[in-house]
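Notes follow the structure.
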Amino acid sequence: MSNKKTVWHRGNEYLYAFQFGRLYTNTGVFINSEKKTAFMVDAPFGSYEFLKESLLRGVAVEALLITHGHWDHIGDAHLFKKDGAKVYAHGGDRMVIEDPSLCISYLGSDMGVAPCALDCVIGDDGRFQIAGMEVHIRSVPGHSPGSVIFYMERAGIAFVGDTLFRDGIGRSDLPEGNGKLLIAGIGEKILSLPDDTTIIPGHGPFTTVAHESRNNAYLR
């Protein structure tokens, strides 16, 4: 499953969104066509083979940014790392990314995810440049300890993982989940973005900050 969408374009810069895997995980791909460099947001099963044979042919993936360490977002992470992408994720989810067998305790299976060592351990907040795009990090724990969002101010887009969905919020009933912390983080770190920011959740349809601020019953 791919369902490619061009979500932003300016000059030689393109930002795409795809859906991959059995849970239709939304995956981001930013490409600088002049530099022939790219970065990704999340890498579910099926993303590597499809993208390397299509959109990323002749393009170097500099980095893989992981919103959180659950299996449906990291299935192909080790393949992109093997090709030279530096893997970024928050330290709160480092253990389950580097040792997915730890998920067996609450999933009953590691879903066949291969371990993937992190190259860059993200803190709670910050920003960095990749492939010519500035990416802001905002920590929003509660769905998992290491859940973060990646906000690209120039594009007006935020990849929020499983913290927030259109008219919903992420699960907080898994081990180390915390519903109160999640809702507080959404308000502080996501709803504080400009109203016209496009929110791309980990699954399902896109939304905006304005829509969620006005309509999301979980946030009232």
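The values are calculated or read from the model by the stated rules, or taken from the named source; none is laboratory data. This is a predicted model, so every value here is computed, not measured. Glycine gets a Cβ as well: all are built from the backbone with ideal geometry, and neighbour counts include every protein chain shown.
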Taking the stretch 95-125 as the search range and keeping residues that are in contact with a Phe, Trp or Tyr (Cβ under 6 Å, 6 or more places away or on another chain) and under 11 Å from I74 (Cα atoms), which one is modelled with the highest pLDDT?
V113
Considering only the stretch 170-183, state which residues are within 23 Å of T197 (Cα to Cα) and in contact with a Ser or Thr (Cβ under 7 Å, 6 or more places away or on another chain).
G170, L182
Restricting attention to the stretch 56-73, and to residues there that are in contact (Cβ under 8 Å) with a residue 60 or more places away in the chain and over 17 Å from R22 (Cβ atoms), which single residue is farthest from the chain's Cα centre (by Cα)?
E62
Cβ-Cβ under 9 Å, sequence separation 6+ or interchain: first residue in the stretch 166-177 and at positive phi, partner exposed (fewer than 14 other Cβ atoms within 10 Å of the Cβ). Which pairs?
D167/N215; D167/A217
Residues in the stretch 168-197 that are surrounded by fewer than 18 Cβ atoms within 10 Å (Cβ to Cβ), outside any loop (DSSP other than H, G, I, E, B) and among the basic types (K, R): how many?
1
Please specify each residue of the stretch 111-159 satisfying the condition of being surrounded by fewer than 15 Cβ atoms within 10 Å (Cβ to Cβ) and among the basic types (K, R).
R127, R154
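Return the total of residues in the stretch 55-70 being buried (at least 22 other Cβ atoms within 10 Å of the Cβ) and either hydrophobic (A, V, I, L, M, F, W, C) or in contact with a strand residue (DSSP E or B) (Cβ under 8 Å, 6 or more places away or on another chain) (or both).
Of the residues in the stretch 55-70, the ones buried (at least 22 other Cβ atoms within 10 Å of the Cβ) are 61, 63-70.
Restricting the remaining residues to those that are either hydrophobic (A, V, I, L, M, F, W, C) or in contact with a strand residue (DSSP E or B) (Cβ under 8 Å, 6 or more places away or on another chain) (or both) gives 61, 63-69.
Count: 8.
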Tell me, which residue of the stretch 126-171 that is charged (D, E, K, R) and touching an Asp or Glu at 6+ places or on another chain (Cβ under 8 Å) is nearest to L219 (Cα to Cα)?
D167
Elements of type strands (runs of 3 or more DSSP E) in the stretch 1-76, at least 2 residues being over 14 Å from A131 (Cα atoms)
5-10, 13-20, 25-32
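With under 28 Å from T6 (Cβ atoms) and under 15 Å from the mean Cα position of the chain (by Cα) as the only criterion, which of D76, D83, D93 stands out? Spell out how you get there, then give the answer.
Values: D83 fails: under 15 Å from the mean Cα position of the chain (by Cα); D93 fails: under 28 Å from T6 (Cβ atoms).
Every option except D76 fails the conditions.
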For the stretch 198-207, state whether one or more residues are surrounded by fewer than 21 Cβ atoms within 10 Å (Cβ to Cβ) and assigned to a helix (DSSP H, G or I).
no
